[in-house]
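Data block below; observations after.
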Amino acid sequence: MTTATINDTINETNADAAADTAATARTDTPVLELDHVSYSYTKGGKKVLADKNYKFHAGRVVSITGPSGAGKTTLLSLLSGLTTPSEGKVLYQGNDLAKADRYRYRSRDIGVIFQSFNLLPALTVAENIILSMDASGKKFDRPKKEIAAELIAKVRLQPEYLNERILHLSGGEQQRVAIARALSYDPAVILADEPTGNLDLATQDDIMAIFRSLAHDEGKSVIIVTHSPEVAAASDEVYQLAKLVRHHR
Amino acid sequence: MFVLKNAWKTVTRNKGRNILIVIIVAIIAAAATIGLSIRNAADNARETGLASTTVTATISADRSKLMEQARESSSSSSSSSDSSSSSSDSAPDFSAMRAAMESATLSLADYQKYEKASSVPVSSYYSESTGVSGTDSFQPVESTSSNSANSSSSSSSDSSSSSGDSNSSGQPGQGGPGGDGQGGGDRGGMMMTSGDFTLTGFSSDTAVAKAQNGTFTMTSGEVFGYGSDDNGKVIISKALADFNDLEVGDTITVTNPSDTSKTYTLTICGIYENTTSSNTNAMGPMGGTSQDADNAIYTSVSTLKSLGLDSTTTANDDDDNTTTQLTYTYVFDNADDYETFASDVKKAGLADTYTVQSADVENYESSLVPLDNLAKFALTLLIVVLAVGAVVLIVLNLFNIRERKYEVGVLTAIGVKKAKVAAQFAIELLIVTMCGIALGVAGGAAASVPVSNQLLAAQVSSQETQAASQQEQFGRGADMGGAPGANSGSSDSSGSSSDSSSSDSSSSNSSTSNSSTSGNSAPSAPGGDQGGMRGGFNRAVDYVSTINATVNLKVVGQLILIGLGLTLVSALVGIIFVMRYEPLQILADRS
C-alpha cells in the first residue's frame, strides 16, 4: 500500500480545496502563517506569545521547539483553531482563522495529533477513525471501513487492531491510531503535539518516518511541537520559540 | 445525519445506563398512563353520562333566602293560620315564614313563561294535587277508623292514631308544601291540605307516568283523557275500590276538606294498582308523601280546573285551607340543555330566591363522587410522578453529561459543532425516554383498567362507609332529622324548611318521629337546601362503580407530549453544559 493510492482514494468534494492543496504543494505560498501573533489568556494580562511571525509551507516538516513556558502549547491551540490570538492573525491559505468557521477548519483542513491522543476509549480503532471522517462531512468514494483499514496499515498497525477498543491499546499504538485518525479526512496540515513524548527510540524513528513521508510524498504541511532534539533534527525546519522577553509586558 | 447516527451508536454502546433510564421512564410513564386514562375516563363519564338521557328539572324557592327575608320583615304574631294547616302553631315566626314560602310559590303561568324563555328545546308536564275529604259513603283506606271529614283536625287525628300508614303520611304532607317538595321533583310536594284523599290532576301521560306514587297498571277500565270532555273522570286504586266496593262506572262523592258543604262528584273510569307496593316504607319518601298510596285519586288537570280546585284558582281565593300544590317539571334532552335553561330563566327574570334544580343531574353528580375523588387522586399521582420523574431524569442526565465531558472535548476538538453535540445528547436521551414511554404505555394500558377499577372500588367503598357512618351517627343521635331541625327551629326560628315542618309534626305528633323524619328529610335532601350531608345518606345513590379507563390515542398523545417535555427539560441540562464547553479545554483533559 503506497501513500499515492491513499491520496487517490480520498476524493475531496470541495474542488477548490483540492486545487488549493495542489497549488500550495507546488508554489511557495504558505499554508499557515503567523502574522504578528500575540496571545494572553486575559485581556491585558500576561502575554504568553508576543509578536510571532512564521510561515508554514506545504511539503515541509517543521518542528516548533523551545523551553517550557515558551508558549508551545498555546501556539498549537492557535494553529489548530481551538482559540484565536489576542493580537495579530493566524492565516490559513491567506484567510484569517479568527473570522473563518474554525469548527469546519478543524474538521476538514487540519489533522491534530494531541499529546494525550484524545481518542474515545469506549470506541474501537475503526470507530474513532470513522467518527472523524463523519465529522468532516466529506464524501468518500469507498467504504469508510476500508479506508480506515488502509490507514491502519499505513501507520504500521496490524489489521486486527481495527476492531480493538482504544482502551486495550498501548501508548505507542494509540499514537499511531491518532495519526491515522488525523489523516483520515486528508487534511492539508498535520499538527502533532509531542508525538514522540512517551515512545521508545525505535518507535520515534518510525513515527518520524511516517511524518516525513506525509510531507515529502503527499505534499502536506507537517508541524510538530516538540522539545526532543532528535525530532527537531529529523525535520526540515526548526522554529525556535525563545523564552518570552519580559520587557514586552 | 451524523448526529442521528452518532446518537444511535452511543445509545447502543451504553446499554447498562440506558436500560436503567428506560426502566425509570417506563415506571413513570406507566403511572402517568394510569393517571391520565383515569382522568380521561372520568371526563368522558361526566360528559357522556347525561348527554343521551333526558333530564327533568324543577324550579324551587331557595328557602334560606326566603327565610332571611321573612325574618327581617316579620314581627307579626302567631295565630294567623297558613296553608299548611296546623292551627296549633305556637311559634310566631313559623307562620310568617310559611306565608313567605307560600307566596314564593310560582304559578302555572310563571312556569309556562319560563318554559317559553328557554333557548333550548324543552317539554314539560305538571301535576296538581289537592286534598279532598271523604263522605260517609266513600271512605279512605285506613287501618283505624278515626277518619274525619274536617281537614284541620285530620292531621291531629292522624297523629293521634299513630298507626304507621297515616302517621307517616301526615308529616310529609306538611313537610311538603314549600320548595322542598318541588325540589325533590315529583316526590315531595303532594300535600298542602290534608284531606282524606289526594286528588291529583295530571297534564299528560308523561305526568301520570311520573306520578309520585310510582308507576301503576290498570286492573280495569282505562286512564282518563286530558280534554274537557273527560272532565269528572278519575281513576282510583284497587285497594280503595275494594274498600268501598266500587267498580268502574260508579260515581263517588268527595268534599272540600275545609268546607264539607262543597261536594264534588266524580266518575270512576278506571281502577289501577300501583306497581310498587303500597308499603310506604319501601317507597321511602314517595310513599310517605301521599296520605297513603292507596288513597290517591288521579284525574286530569282539566277536571281539577272544572271543580275549581286547580292551583290558579286556589291561589287566588282567600281560603287558606284549600291549596293546590303544583308540581311543574321541565324535560330536557340532555344535561347541557338543562344548564342552558337554568341560565335562560335567570335572564328571563327568575328571582334569586328561586333555583332551578334537577334531581336527575344531582343524583348523577353524587353518583360521580367516587369518580371525582379518583380523578383528583389521579391528578395528584400524575403531578407527583411527573415531578419526581423530571428530577430523576435531570439528575441522571447531569451525571451522564459530566461523565462524558471528555467526549464533548474530543468531538468539539475534531470539529463537531457544539450545537450538534448538544443535539446528539438530546437525541440520545429522547431515544431512551421514548423506549421507556413505549414500554410504560404498554404496561400502563394493560394495568389501567384493573387498577383504576380497583381504585374506584376503594373510593366507592370509602364513600359508602362514610355515608354509613353518618347515617349511624345521625340515627343514634336520637329523634334524628327532627333533632337538628326542631331544635334550631324552636330556639331561634332560623330553621330551614324541613325544620319548620318537622317541628310542626313533632308538636302535633310525638309518637312517630323516627318514621316521620326519615320520610321528611329524604325529600328535603334533593331540594338542596340542606346540603349534601343528609342527602348523602338518605338517598340510595348508585355510585358509578366501573370506569372505562382504557388507553386511547389521546392519552398516548398526551404522554408523548409529556415525555417530550420531560426529555427537553432534562436535556436542557446537557445542552447548557455542552454549550458552555470551551474546545480549548481538551488540552487540559488528559484522561
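Below are the figures for this structure:
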{"read-out": "Antiparallel content of DSSP bridges confined to segment A:2-240, in %, to 5", "value": "45"}
{"read-out": "Long-range HN-HN contacts of A:K220 with modeled amide H, under 5 Å", "value": "A:G59, A:A215"}
{"read-out": "Charge dipole (segment A:2-240, unit charges on Cβ, about Cα centre) - positive-most of A:I129, A:T29, A:Y41", "value": "A:Y41"}
{"read-out": "Given charges at Cβ of Lys, Arg, Asp, Glu: segment A:136-249 dipole, positive-most of A:A209, A:Y239, A:Q158", "value": "A:Y239"}
{"read-out": "Estimated vicinal HN-Hα couplings, Hz - segment B:329-344 in sequence order (Karplus 6.51, -1.76, 1.60; Gly, Pro = x)", "value": "10, 9, 10, 10, 6, 7, 5, 5, 4, 4, 4, 4, 4, 4, 6, 4"}
{"read-out": "Cα-based shape type of segment A:109-192, given that a ≥ b ≥ c are square roots of the gyration tensor eigenvalues and the cut on a/c is 1.5", "value": "oblate"}
{"read-out": "Full-extension gain in nm, B:V395 to B:T253, via 0.36 nm per residue minus C-alpha separation", "value": "42.2 nm"}
{"read-out": "B:D205/B:L572 FRET efficiency (R0 41 Å; Cβ-Cβ; nearest 0.05)", "value": "0.05"}
{"read-out": "FRET E, pair B:Q454, B:D333, Förster distance 45 Å, beta-carbon r, rounded to 0.05", "value": "0.80"}
{"read-out": "Rg(Cα)/(2.2 N^0.38 Å) for segment A:167-249, N = residue count", "value": "1.22"}
{"read-out": "Estimated FRET transfer efficiency when R0 is 22 angstrom, pair B:V120-B:T48 (beta carbons, to 0.05)", "value": "0.75"}
{"read-out": "Residue-level accessible surface for A:H227, protein heavy atoms, 1.4 Å, Å²", "value": "120"}
{"read-out": "Residue-by-residue Karplus 3J(HN,Hα) for segment B:399-407, coefficients 6.51, -1.76, 1.60, Hz, glycine and proline x", "value": "5, 4, 5, 4, 4, 9, 3, 4, 5"}
{"read-out": "Debye, to nearest 20: dipole size of segment A:2-240, +1 on Lys, Arg Cβ, -1 on Asp, Glu Cβ", "value": "680"}
{"read-out": "Calculated log₁₀ intensity ratio I(q)/I(0) where the Debye formula runs over C-alpha points of chain A, q = 0.12, 0.13 Å⁻¹", "value": "-0.67, -0.79"}
{"read-out": "Residues whose placed amide H lies under 5 Å from that of A:K55, excluding near-sequence neighbours", "value": "A:L34"}
{"read-out": "Inter-site label distance for B:V384 and B:S469 at 7 Å from Cα along Cβ, in nm", "value": "2.1"}
{"read-out": "Flagged links, alpha-carbon separation over 20 Å, of A:K145/B:K9; B:K65/B:K210; B:K113/B:K346; B:K15/B:K554", "value": "B:K65/B:K210; B:K15/B:K554"}
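The values are calculated or read from the model by the stated rules, or taken from the named source; none is laboratory data. It should be emphasised that the depicted structure is a prediction, and the values quoted were computed from it without experimental measurement. Don't worry about glycine lacking a Cβ; one is built from the backbone with ideal geometry, like all the others, and counts go over all protein chains shown. Keep in mind that these areas ignore ligands, DNA and RNA; they rest on the heavy atoms of the full protein, side chains included. Shrake-Rupley method; radii C 1.70, N 1.55, O 1.52, S 1.80 Å.
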